[in-house]
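Beneath this line is the structure, given in C-alpha cells, with notes to follow.
Taken together, the values in this text are just the output of simple stated rules run on the coordinates, not laboratory data. Predicted model, so just to flag it, every value in this text is computed and none were measured. Reconstructed Cβ throughout: ideal geometry from the backbone, glycine too, with neighbour counts over all protein chains shown.
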Amino acid sequence: MGRQKIEIKKIENEDARLVSFSKRRSGLFNKASCLTTLCGVDAAVVVFSPAGTPYSFGSPRVEMVVDRFLSSGREMEEPNFFRQHHATSVQELNRRCMELENQVEAAQARRRALEERLSAVAAVRDEPEEMEVEELEALKEALNQLKKMTDEHMKERAAGSSSSAAQNEAGPSTPLDLG
C-alpha cells in the first residue's frame, strides 16, 4: 500500500488540521533546505499557523532574502566572510547528516541481526514448558550472551557519544536476571 491521493480541501477537525499543519510545515522547510543546498539558491518561506503564529525558514536568512526580493532583484552585497561561513556550515551539516544516516543504517542492520538471532532462539520451541533441561540451559546461555552483547554495545555507544550525557541518558537500566 503506497501513498494515496488525498482530496485538497480544508480539514474540518481542528486537531487534525493542527497536526497536518505541523507535519507539512516541517516537510516544506525540509524541501526548501534541500533546494538551497542542492541548487545553491537563496530561499525564504513564511507561513502562519491556523492559530496565527508565524513560522519562517530562510537560507541564508529570511531578512536577507526578503530584502533582496523587495529591492527588485538587485543583489545586495553581503560580506564575503558570511557567504563563506554559510557554505562551510552547510557542508559541515551535510557531512554530519550523512554520518548520522550511516549510523542509523548500521544500527538497523544490527537490530535485524539481533532479531534474526532471537527468532532462531524462539524457533527452538514455541513452549518452554515442553523443553528438556539441556535445551532450557542452552536457551538461558544464549539469552545471557545476548544480554551481555547488548550491555557492551550500550556502553560503547554511551562512551562514544559526542552529545552530553544528560541528553542521551535513558535512565538506569533494570537488570535482567535469567538465573
The exposure ranking of Phe21, Phe69, fewest beta-carbon neighbours within 10 Å first, is Phe69, Phe21
Highest mean packing first, using Cβ neighbours within 10 angstrom, the peptides 87-95, 58-66 sort as 58-66, 87-95
What span do the alpha-carbon atoms of the range 14-78 cover on each of the three principal axes, reported in whole Å from largest to smallest? 44, 25, 15
Going by amide H atoms built from the backbone, whose H comes under 5 Å of the H on Met131, apart from near neighbours? none
Contour minus Cα-Cα span, Cys39 to Ser22, at 0.36 nm per residue, comes to 3.5 nm
Once you put a point 7 Å from the Cα of Val66 and another 7 Å from the Cα of Glu156, both along the Cβ direction, what distance in nm separates them? 5.0 nm
Calculated from backbone phi, Karplus (6.51, -1.76, 1.60) coupling profile of the range 87-92 in Hz, x at Gly/Pro: 4, 5, 4, 5, 4, 5
Amide H neighbours of Ala43 at under 5 Å, excluding residues fewer than 5 places away on the same chain, with H built from the backbone geometry, are Ser59
Sort Lys148, Lys31 so that the residue with the fewest other Cβ atoms within 10 Å of its own Cβ comes first and the one with the most comes last. Lys148, Lys31
Asn94 versus Arg117: modelled label distance in nm, points set 7 Å from Cα along the beta carbon direction: 3.8 nm
Residue order, fewest to most beta carbons within 10 Å, for His153, His86: His153, His86
